[in-house]
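Below: one structure, written as C-alpha cells.
The values are calculated or read from the model by the stated rules, or taken from the named source; none is laboratory data. A quick note: this is a predicted structure, and the numbers were derived from the prediction, not measured. Note: ideal-geometry Cβ built from the backbone for every residue, glycine included; neighbour counts use all protein chains shown.
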C-alpha cells in the first residue's frame, strides 16, 4: 500500500513536470476502481463515461495549475471529485427529470394528442367531401332519408312523420341508399378511410 | 439442465472505453496553463 501511494505521488510529480506518460499510467492504474465507483452510483454506462471523463479533466486542470497538494491520497482525491460530479449529475437530473422511453411501455401512448394532425384533418375533409358527392348521386327519396338520419340525427319514426311514409319504407330507403353508395364506392375504388 | 440465457453481470469488467481514455490523454497533451501575475490562462493547443 505504501509503495502504491509513493508510486502515485511520483507519477503525479512527474506529470506536473511535464511527463504525459505518467498520467497514462495513473489512469490505467485506477481506471477500474474509479469507473466502477461512478457506475455503482449512476448505473448507466454512458453517464459513467461522461463523469469519468469530466473527473479526469478536473484532475488535469488542477494538476497543471499546480493547485494539487500531494498528501499521498491521489485515488481518494479523484474519488472525491467523481463523487461530487455524481451529485451534480443527480441534482441536474432532479431539476429536469428525464423519462426513459426505452422499455416496453411507451409514454406517448398515454400523452398522445387526441387532436388530428394537419394531414389527417385534410384527409378527413376529403373523405367527408367524397361522401357528400356520393350522397348527391342517390335518388331523391333515398337521399332525403339518409340526410335526415345521418346528418340531422333523426329517428326513423321522426323521418316517417316528416316524409309521410311508413317506418318500414324509411328503413328500406335507408338500406337501399347504403347499398347504392357501397356499389358506387366499389365500382370506382373510392377509399374512404382516414 | 436448463440453459441460462441471462448475462452474468459479474463477468463484465467495468472499464472506461478506450476512446474516453484517449480523449483524456489528448486533452492533457493539448491543455496549456499559463500563469501571468496571479492570472491563470488555459489554452487548448491543437
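General remarks:
- Count of the range A:139-178 residues which are within 45 Å of the chain's Cα centre (by Cα) and either exposed (fewer than 12 other Cβ atoms within 10 Å of the Cβ) or over 30 Å from residue A:121 (Cβ atoms) (or both): 3
- Wholly within the range A:20-130, helices (runs of 4 or more DSSP H) carrying at least 3 residues that are within 13 Å of chain B (Cβ to nearest Cβ) and at pLDDT below 95: A:20-42, A:45-64
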